[in-house]
Ligand code: C2E
Ligand code: MG
Ligand code: MG
């Protein structure tokens, strides 16, 4: 199986060490081949013999299907033709062996469209290795020819063994040096790494050759053919395990390395870089508008586009570099050995340039752009996880700045070792479902009906206990984990909403998302799927975004907002008053609710300024047709003052603290809910009036008698 990252067919640069090595071996090998072809005698004798044609066929078939085993694509993949060509050397002599094997190599090379320099080199190193074996045999007086064909005797076996060793050593060296120079890996370690495996397999293949000659001496083609059976079994077995290994380590769609293989290759690269004092580069790449293509043109086109992208990325890196697909439209590139940051930047620029070229699919011309983040070993991180995190921070920065490529800079990263440790814990915790949601009711001030439940995430840390979002969300903001947290929260919130709706408590659940989530165009998709899966109408969900994200307002965020609006899911502007956002911005996003920050609400009875802020916001959002909600209402007095001001709804400890799912369900059952209501108070988008909750005892209207304050 051909490694997709294998670009061995690109000709080496003239004058480079690899070029010199290949040229010397090729010239010498072809010269030796010429000499021995001139000495080829007795061919007419053989041509009429079925044994000759059988061996020619077996050698060609062996060349066509090399034995490749998992993880062992070292200097050379052993070929079954080795057994038969070595047998021909022992039985009919070197010229016939060279003729058959050279023809097989050239034939297979041409059929597989290998580059001419590669075919020539493959022929040449085989010729030189065979010639080395022949020298040993000739020195021992073993000189077979078509006229004097014979199988070696028992006493000659030691010379045959020596000849086999000569073949293996020379061949292994010639190919090993070429592979090491090609992948820019140290020659010594490349040779040593594969020696035991290739030594063993070559020994097995070469040791079978004298047996083949004994059978050839019986002149029975059928008996020789029997040798193909065990060898074919070895081949098939190896091919199957390679296929399994390939599937486990490669992305099915694009054939690129997957995350698992990337982690392994990065580990190896960092080790090698540490030894050689070089750097390793890690690039994380995300397509900027892939989602739009996928949505408008459908997944099959999206898949084809990803394959083209993968192909372009693969052809834009040097041999030895690893291109991997991390999932979706996210790719990573590992540069195992670079000297300067500028080399990584060059590769990044090359990758972007390769993608900038319009892609033609189904007669359409699609333009794709990518944002790339760069992190370097050892400058930025010492291991895979942190390299990945830092490349991700840089990529996010590239998106935010619209610059296309950014290198990780510590200034933009607030990750201390303690934060990184916590991020590591969270990564594990996400897999163990350590996140849970608590819910806090939101009530209409006019009639104390429950109009929503805000989902607030908690993390049940195995050592630290229950952690509130303030302790871990800010730390995630520049991390790729944020997306996973949000997706789990969306999942859990929708599942809980569905349980309530099924139980006759059709309450709107709101959840908090960050600016980064809004830049993720997959969010709307996930939410849409989740709603359908749980048979929930869109107004069963409301997304709360912090007012400060409006300040940046990148185009992508507006797109997500519009996609959510298309779905029918509203946006709520959280912590309003802290971000100084302008009215213009408020109108630009499809906002249906504004939550006045608790810092103003909490002080409104003591400070005239704060009271003025709250009053102005209430008036302002009413004028815009948006629902006002006061956050952090802790007393009856505040609730009452807000109601008089005309504030529509409120949330706070006075009504209820955030409750776990079981307590929240009991609370809802006890207090009832007003059903899912569009934030601005109009009819639900689907026109249906939600079912009335099972228990709808209205909450006491007298502020002196709070409904139930759970502290
Ligand atoms: P937020 O969205 O403004 O949520 C309100 C916060 O105020 C909650 O804190 C709530 O427990 C607290 N609170 C409610 N009533 C009162 C009150 O009467 N007095 C006081 N002093 N506080 C009150 P919590 O749960 O610690 O959440 C803090 C922030 O973390 C949230 O602020 C929200 O921005 C963020 N957050 C919570 N869950 C998620 C989530 O799933 N994803 C994201 N991205 N952020 C979340
Ligand atoms: Mg909130
Ligand atoms: Mg808030």
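Every number here is computed from the coordinates shown, using simple stated rules; none is lab data. Because the structure is predicted, anything quoted here is derived from the model rather than measured. Positions of Cβ are generated from backbone atoms using ideal geometry, with glycine treated the same way; all protein chains shown enter the neighbour counts.
Here are the numbers for the structure shown:
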item: Kirkwood Rh, Cα atoms: Rg over Rh of segment 446-545; result: 0.99
item: Relative contact order %, the chain, counting alpha carbon pairs below 8 Å whose residues are six or more apart; result: 9
item: 0 to 90° range, to nearest 10: angle between helix 221-249 axis and the chain longest Cα axis; result: 20
item: Estimated 222 nm signal from helices in the chain, with DSSP H stretches of n ≥ 4 weighted -39500 (n - 2.57), rounded to 500; result: -17500 deg cm²/dmol
item: Förster-model FRET efficiency, 30 Å R0, residue 229 and residue 173, C-beta, rounded to 0.05; result: 0.40
item: 5 Å binning of all Cα-Cα separations within segment 17-249, expressed as whole percents from 0 upward; result: 1, 7, 14, 19, 21, 18, 11, 6, 3, 1, 0
item: Normalised alpha carbon radius of gyration of segment 208-317 [divisor 2.2 N^0.38 Å]; result: 1.79
item: Using a Förster distance of 30 Å, the FRET efficiency for residue 20-residue 40 (Cβ separation, nearest 0.05); result: 0.45
item: Exposure proxy order (Cβ contacts within 10 Å, fewest to most) of 235, 197; result: 197, 235
item: Descending principal axes extents, segment 259-412, alpha-carbon based, whole Å; result: 50, 31, 24
item: Approximate spin-label separation residue 635-residue 260, in nm, with each point projected 7 Å along Cα-to-Cβ; result: 6.1
item: Folded to 0 to 90 degrees: helix 481-502 orientation relative to the chain principal axis, Cα; result: 50
item: Inter-label distance, nm, simple model (7 Å from Cα along the C-beta direction), residue 112/residue 138; result: 3.0
item: DSSP bridge pairs, the chain: antiparallel proportion in percent, nearest 5; result: 60
item: Calculated P(r) tail over 14 Å for segment 143-188, as whole % of Cα pairs; result: 66
item: The chain: angle of helix 341-356 to the longest principal axis, Cα-based, in degrees nearest 10; result: 80
item: Extension gain from residue 27 to residue 222, taking 0.36 nm per residue of separation minus the Cα-Cα distance; result: 66.3 nm
item: Binned Cα-Cα distances of segment 56-184, short to long, each 5 Å bin given as a whole percent; result: 2, 11, 19, 24, 20, 13, 7, 4, 1, 0
item: Computed E for residue 192/residue 644 - FRET, C-beta separation, R0 60 angstrom, nearest 0.05; result: 0.10
item: Full-extension gain in nm, residue 162 to residue 103, via 0.36 nm per residue minus C-alpha separation; result: 18.6 nm
item: Residue 607 paired with residue 432, simple spin-label distance in nm, labels 7 Å along Cα-to-beta-carbon; result: 4.2
item: 256, 173 arranged by Cβ crowding within 10 Å, fewest neighbours leading; result: 173, 256
item: Three-way shape label, segment 417-671, alpha-carbon gyration tensor, a/c 1.5; result: rounded
item: Rg [Å, one decimal], Dmax [Å, integer] - the chain, C-alpha atoms; result: 35.6, 118
item: Beta bridge orientation in segment 417-671: antiparallel %, DSSP, nearest 5; result: 40
item: Difference of contour (0.36 nm per residue) and Cα-Cα distance, residue 653 to residue 623; result: 8.0 nm
item: Cα-based shape type of segment 148-290, given that a ≥ b ≥ c are square roots of the gyration tensor eigenvalues and the cut on a/c is 1.5; result: oblate
